[in-house]
Ligand code: ADP
């Protein structure tokens, strides 16, 4: 296991500090034309990992943030009226299949059910994308890779990936990095010294321990980076902590008060 942040990547490759062998796994899945599923809490580095790998492998990356209104046609494409003519316009998935590259569907469980129907023939050895509307059946080139992510932590049983979909992917589990590594990342991303970042990470870890009790989700690495950036830009510690590590987590006055108390005890 090596620390990439001590050995900075080329400037055009987004920095990513691996937790284990996920870079090698990604690369092998890519070589073998296998689709990849990234599981883990929000803000723990999944998107950064995909952009890092896409840049490293020199592949175009198309990222789609899925939401509950996102339907298959938003990914495949649709006929649109253009200057009186009806023309077919490829969606991001179709474009990636035609041209090659990575299509990354972030929070795929949020999307409508018909999305799974489109993904199934693309995620087995057929690697095809049938476009009913145009009558085409596109074969994915070797340079196409599908990557999806989801957060299994959300307490919503309806929003989980069906086994029939899940079992089509090579899966990697993500979690927050160990303390020292997270300090290093937050410091490097924000510019704040490791010494100043350390108590913030300690607080985040304590808040994460409340997940499932008073909080639905703990403080993400993303929020820690926000907090450290605000402090680095001159905001007071108290204001930065409150606006990034407390307010985004809860709307309940009692929980908020408890979090403030905890933060004052740690920082
Ligand atoms: P996710 O996609 O899991 O919601 P992101 O990839 O957007 O999370 O991560 C949020 C932020 O946290 C990134 O923009 C980056 O600043 C930081 N980050 C998290 N993990 C890492 C990592 N392993 N290496 C570098 N930066 C990271």
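Relative contact order of the stretch 137-267, taken over Cα pairs closer than 8 Å and 6 or more residues apart, is 21 percent. Spin-label model, residue 89 to residue 193: label points 7 Å out along the Cα-to-beta-carbon direction sit 5.2 nm apart.
Legend: calculated FRET efficiency, residue 211 to residue 233, from the Cβ-Cβ distance at R0 = 22 Å, rounded to 0.05, equals 0.20. Over the stretch 1-128, Cα pairs under 8 Å with separation of 6+ residues give a relative contact order of 22 percent. Simple spin-label estimate for residue 32 and residue 258 gives 4.5 nm between the two label positions (7 Å along the Cα-to-Cβ direction from each Cα).
With the contact rule set at Cα under 8 Å and sequence spacing of 6 or more, what percent relative contact order holds for the chain? Numbers along the way, then the final one.
Numbers: 412 pairs, mean separation 51.1, N = 267.
Reported as a whole number, the value is 19 percent.
Label-to-label distance, residue 15 versus residue 133, with points set 7 angstrom from Cα along the beta-carbon direction: 4.2 nm. Relative to the longest principal axis of the Cα atoms of the chain, the long axis of helix 221-232 makes an angle of roughly 50 degrees. Between the C-alpha center of the stretch 49-72 and that of the stretch 145-201 there is a gap of 16 Å.
Antiparallel as a % of all DSSP beta bridges within the stretch 1-111, to the nearest 5?
Working: 6 of 11 bridges.
Around 55 percent of the beta bridges assigned by DSSP in the stretch 1-111 are antiparallel ones.
Kindly put 125, 232 in sequence by how many other C-beta atoms sit within 10 Å of each C-beta, fewest to most.
Values: 125 8, 232 16.
Arranged by neighbour count, lowest to highest, 125, 232 become 125, 232.
Expressed as an acute angle from 0 to 90° and rounded to the nearest 10, what is the orientation of the C-alpha long axis of helix 22-31 relative to the principal long axis of the chain? Helix 22-31 sits roughly 10 degrees off the main axis of the chain.
Would you please give the FRET efficiency between residue 124 and residue 173, computed as 1/(1 + (r/R0)^6) with r the Cβ-Cβ distance and R0 = 30 Å, to the nearest 0.05? Could you put the intermediate results ahead of the total?
Details: r = 22 Å, r/R0 = 0.75.
Between residue 124 and residue 173 the formula returns 0.85.
Only bridges with both residues in the chain count here: give the DSSP antiparallel percent, nearest 5. Percent antiparallel among DSSP bridges in the chain is about 35.
Peptides 24-30, 249-255 ranked from most to least packed give 24-30, 249-255, packing being the mean of other C-beta atoms within 10 angstrom over each peptide's residues.
Let me have the 222 nm mean residue ellipticity of the chain computed from DSSP H runs of 4+ only, each contributing -39500 (n - 2.57), with the sum over all residues rounded to the nearest 500.
Working: 11 runs with 103 residues, N = 267.
Theoretical 222 nm ellipticity from helices: -11000 deg cm²/dmol.
For the chain, just say rounded, prolate or oblate: build the C-alpha gyration tensor, square-root its eigenvalues into a ≥ b ≥ c, call rounded for a/c under 1.5, and beyond that prolate if a/b exceeds b/c, oblate if not. Each step should come with its number before you reach the end.
Values: a/c = 2.17, a/b = 1.74, b/c = 1.25.
Prolate, because a/c is 1.5 or more and a/b exceeds b/c.
Using only the Cα atoms of the stretch 159-267, build the gyration tensor, take square roots of its eigenvalues as a ≥ b ≥ c, and label the shape rounded, prolate or oblate: rounded if a/c is under 1.5, else prolate if a/b is larger than b/c, else oblate. It comes out oblate by the Cα gyration axes.
Sorting 23, 103, 44, 227 by the number of Cβ atoms found within 10 Å of their own Cβ, with the fewest placed first, yields 23, 44, 103, 227.
Provide 235, 230, 192 in ascending order of the number of other Cβ atoms located within 10 Å of each residue's Cβ, fewest first.
Details: 235 15, 230 19, 192 22.
Arranged by neighbour count, lowest to highest, 235, 230, 192 become 235, 230, 192.
Under the shape rule built on the C-alpha gyration tensor, where the axes satisfy a ≥ b ≥ c, the stretch 168-228 is oblate, since a/c reaches at least 1.5 while a/b does not exceed b/c.
Assuming 0.36 nm per residue, please report the length gained on full extension of the stretch residue 202 to residue 242 beyond their Cα-Cα distance.
Fully extending the segment from residue 202 to residue 242 adds 12.9 nm.
Each reported figure results from applying straightforward, stated rules to the coordinates on display, with no laboratory input. All figures in this text were calculated on a predicted structure; none of them were measured in a lab. Cβ sites come from the backbone with ideal geometry, for glycine too, and all protein chains shown count toward neighbours.
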